[in-house]
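The structure appears right after this line, and notes come after that.
Values quoted throughout were computed directly from the atomic coordinates according to the rules given, and no laboratory measurement underlies them. This is a predicted model, so every value here is computed, not measured. Glycine also receives a Cβ, built like all others from the backbone with ideal geometry; neighbour counts cover every protein chain displayed.
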Amino acid sequence: MFIVGISGSPKHEKSNTRYLLTKAIDAAKDELSGLAEPIETVILNISEFDIRHCTGCDSCVRKLPCPQSEQDDMPKLEEKLRLADGIIIAAPSYFTSVPGVLKDFIDRSRAMKMLDHQLKNTVFGAITYAGLRYGGQEHIVDALNRYALGQGMIVVGAVGSPVKHGTFGSGSLQTDEGKWRSASEDVLAVQGSVLLGKRVANVALLIKSSGGRK
């Protein structure tokens, strides 16, 4: 089993979004810890990779390799994603949209769809974090889920208390009282991320047990 987490934040260790992603990935690994086969997880910081802009050349539409991939790190990311049983992408809200570094990845991964749906049936979950209590979190999750659906992935949500937990990891620096906190202090965001990680792991295991992604 191989679960990949992608942190879509320009920040690294100090990223609140990455913190929630770490909670989800750790939960996924713990959920699968009883298996006889080895479990591998990895978190990729998207900002550490050189990803050139999509130029709209449509080479991938013509079933040709992306010419940009000869000059950047996109092939390294694609190699990891092709092997993944589950993928979790975490993205902060930057003016109610995903950061540019993540959007470049999304645009460039079009080739994986055009060249024989390379991510089809991979289990997918989304996490987001924002500065403000109402900072566009649902817009981010919607964008990430639509991306996954476009790739033919299987989108799942957390399964917790119907009246307490959301379907994805989501939170904010701003509290209901207008004060400020870190993601580690955002209890519901942490719980939602943990539940999402477990759900991705469980569904990925079901698919692998039934014969894999095919």
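Results, tabulated for the structure shown:
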| item | result |
| --- | --- |
| Potential extension, His117-His139 segment - 0.36 nm per residue separation minus Cα distance | 5.4 nm |
| Separation between Cα centres of the range 140-188 and the range 1-65, rounded to whole Å | 17 |
| Prolate/oblate/rounded call for the range 2-209, Cα gyration tensor, a/c under 1.5 rounded | oblate |
| Residue-span extension gain [Arg146 to Lys14] - 0.36 nm each, minus C-alpha spacing | 44.8 nm |
| FRET efficiency, Lys29 to Phe95 (Cβ-Cβ, R0 22 Å, nearest 0.05) | 0.10 |
| Chain lengthening between Glu185 and Arg52 when straightened (0.36 nm per residue, less Cα-Cα) | 44.3 nm |
| Helix-only [θ]222 nm of the chain, DSSP H runs n ≥ 4, -39500 (n - 2.57) each, per residue, nearest 500 | -11500 deg cm²/dmol |
